[in-house]
1. Whose amide H sits under 5 Å from the amide H of G61, counting only residues 5 or more places off or on another chain, with H placed in the peptide plane?
2. Non-local amide H neighbours of T91 (under 5 Å, H modeled in plane, Pro and chain starts lacking H): which ones?
3. Taking the chain as a Gaussian network, Cα atoms linked when under 10 Å apart, which of N129, N102, N18 shows the biggest mean-square fluctuation?
4. Once you've got the GNM for the chain with C-alpha springs shorter than 10 Å, pick whichever of G161, G48, G144 has the biggest mean-square fluctuation.
5. Per residue, how much space in cubic angstrom lies within the convex hull of the C-alpha atoms of the chain?
6. Please list, in order along the stretch 9-16, the HN-Hα scalar couplings obtained from phi with the Karplus expression 6.51 cos²θ - 1.76 cosθ + 1.60 (θ = phi - 60°), rounded to whole Hz, x for Gly and Pro.
7. Could you please state, rounded to a whole Å, how far the C-alpha centre of the stretch 29-77 is from the C-alpha centre of the stretch 123-151?
8. Tell me what the chain gives for mean residue ellipticity at 222 nm when only DSSP H runs of n ≥ 4 count, each as -39,500 (n - 2.57), the sum divided by the residue total, rounded to 500 deg cm²/dmol.
Amino acid sequence: MKLLEDRIIMEGAVLPGNVLKVGSFLNQKIDTKLLRSMAEETARLYEGQGINKIMTVEASGIAFAAAVGMVMDLPVLFAKKHQSSNVDGETLACHAHSYTHNTDYNMVVSRAYLTPSDHVLLVDDFLANGAALNALTELVRMSGASLAGVAVCIEKRFQGGGDALRAKGIRVEALALIESMEDGKIKFAHTI
Ligand code: G4P
């Protein structure tokens, strides 16, 4: 998506450890016009797929998920990263390890909010090593719901998480697909 790619080139900063900083329009200050355009593009990509629920994980995926939910007129569910008093009753939980932050956590969702009749679109802001999205696909599997696919704003393809999901037969769409970030130079794979 050219709009997003242009913005990444203009304002993104490549930090040590292959981390792309996009705090000025996505991760801290949010450009709502760009967010709406990204949500509309996602809705176009997944139109007519019978999706009835958008799902993500806290925290930074929630804004994009809410925008997609609003454009597609669908409810949004987000998994918690820890058991909390807001998650009561029977829960589904999946262990995840973040390579980016070198931390382990449990991804938790109320069983009542994810049911076998759901056809789910998973969304997130970033897809890197894929730990978060792998855990989300596992929660969908455990619930008995079906998976329509994955949509992310930015995929760092060289970290392999997206292609590992594709190899499992899961549809993965990235609005900006980064092939490499060597020497701080961002190279995109294609333009949607
Ligand atoms: P991982 O396996 O390396 O952890 O990668 P994954 O794709 O699962 O993404 C995990 C976390 O790392 C996500 O946020 C994701 O947004 C963030 N992330 C990965 N690469 C980058 C990057 O290059 N730039 C930025 N800005 N974020 C990146 P999280 O740790 O779950 O935290 P939260 O911010 O959503 O709370």
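Laboratory data are not the source of any read-out in this text; all were calculated from the coordinates shown. Since the model is a prediction, treat every value here as computed from it, not as a measurement. Backbone-built Cβ (ideal geometry, glycine too); neighbour counts: all protein chains shown.
1. Residues meeting the amide H criterion: D125.
2. HN-HN under 5 Å from T91: R111.
3. Ranking N129, N102, N18 by mean-square fluctuation puts N102 first.
4. In this elastic network of the chain, the residue with the biggest mean-square fluctuation among G161, G48, G144 is G48.
5. 111
6. Per residue, the Karplus-derived 3J(HN,Hα) values read 5, 6, 10, x, 10, 8, 9, x Hz.
7. Centre-to-centre (Cα) distance: 14 Å.
8. Numbers: 5 runs with 55 residues, N = 192.
Calculated mean residue ellipticity at 222 nm is -8500 deg cm²/dmol.
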